[in-house]
């Protein structure tokens, strides 16, 4: 191999190192922007009753809200948006399991929903009545009229928009609830790219509380650990807290502790409190207070195309850096094999040798022997 080839290979190797270093620094810089939180947790973690008090009444009903409030529980609201933009308390996408109506709640109007009642028997548990599905505003007013300082975990089960964020936070502001200097309220979404919008809306409407991001296990490609380790969850927006099922805590406790050390709060859900306390999150427990709520916990992959989009974004970023390296290598390879460069090299070499020979003529060996 001639000197020219060695030089080209060396130049290629240097470009490869420089590209890899720049890519590495860029990734670290991006991660540094989104891996530092500023959550200040309460002195003791909050405890919220999962879907209110479902021992005697169906979940997300006025009756269950009143019972939980009278028992002095903080509790969770599951909030859905209707076709006509009203917000109601309801958990499932499809209404059949809870009401017997085989329709998606998002496709119905309030005039249709307000006529629908819960089934009396759900998951082999029989209740005393068949209450209606309540408006979010009515349920919130009822709870805070009984106890203005009650803590509420708002599980936002709709995608962010300017209109529904306005409805959500103006309803909160107009309620009897005490949100001023009260750190007992959490607004939570499973959508990373909605965090920034809800954050801006909370600031605009001056609503105080924690903004949380939760993710069910087994519902996203590559698993929860991948998104935690790559910090891909946080690239779209930075929440105050991360909320995960106890099965995620069992496997990746060390990862969640890293987020805590970086300024994020943590939460846990999925069982009775006595089984969750050993994990010791910094912000909250969302606990089951009856078998009725625990028996209805299921995890199904949702919004497949949404997660595929995020996955493509991450893979695209890695491909971008890889393409830079490949372009550099191809450029160097072209230089090394460019006949024009070789001709110029040979031409310049010949001219240099001619100059040397003209200035220092060669002496035949026989002539030296004679001398």
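No lab work stands behind these numbers, since they all come straight from the coordinates. Remember, it's a predicted structure, so these values are computed and weren't measured experimentally. No Cβ is skipped: glycine too gets one built from the backbone with ideal geometry, and neighbour counts run over all protein chains shown.
Sort 250, 104, 76 so that the residue with the fewest other Cβ atoms within 10 Å of its own Cβ comes first and the one with the most comes last.
250, 104, 76
Multiply the residue separation of residue 258 and residue 114 by 0.36 nm, subtract the distance between their alpha-carbon atoms, and state the gained length in nm to one decimal.
Contour length minus the Cα-Cα distance gives 47.3 nm.
When 189, 230, 167, 109 are ordered from fewest to most other Cβ atoms inside 10 Å of their Cβ, what list results?
In increasing order of surrounding Cβ atoms, one gets 109, 230, 167, 189.
Between residue 138 and residue 251, what is 0.36 nm times their sequence separation minus the Cα-Cα distance? Round to one decimal in nm.
Taking residue 138 through residue 251 to full extension adds about 36.7 nm, to one decimal.
Measure off 7 Å from each Cα along the Cα-to-Cβ vector at residue 280 and residue 193, then give the distance between these two points in nanometres to one decimal.
3.9 nm
Answer rounded, prolate or oblate for the stretch 125-167, using the Cα gyration tensor with square roots of eigenvalues a ≥ b ≥ c: rounded when a/c is under 1.5, else prolate when a/b is larger than b/c, else oblate. Kindly include the intermediate steps, with their values, before the conclusion.
Working: a/c = 2.23, a/b = 1.39, b/c = 1.61.
Because a/c hits 1.5 or more and a/b fails to exceed b/c, the stretch 125-167 counts as oblate.
Rounded, prolate or oblate: which fits the stretch 43-302, taking a ≥ b ≥ c as square roots of the Cα gyration tensor eigenvalues, rounded meaning a/c under 1.5, else prolate when a/b beats b/c?
Taking the square roots of the gyration eigenvalues as a ≥ b ≥ c, the stretch 43-302 is rounded.
Could you list 98, 140 so that the one with the fewest beta carbons within 10 Å of its beta carbon is first and the one with the most is last?
The fewest-first ordering by Cβ neighbours comes to 98, 140.
Mind checking the full-extension length gain between residue 173 and residue 56? Use 0.36 nm per residue of separation minus the Cα-Cα distance, one decimal, nm.
Contour length minus Cα-Cα distance gives 39.1 nm.
Applying 1/(1 + (r/R0)^6) with R0 = 22 Å to the Cβ-Cβ distance of residue 208 and residue 38, what FRET efficiency is obtained, to the nearest 0.05?
Efficiency, from the Cβ-Cβ distance: 0.90.
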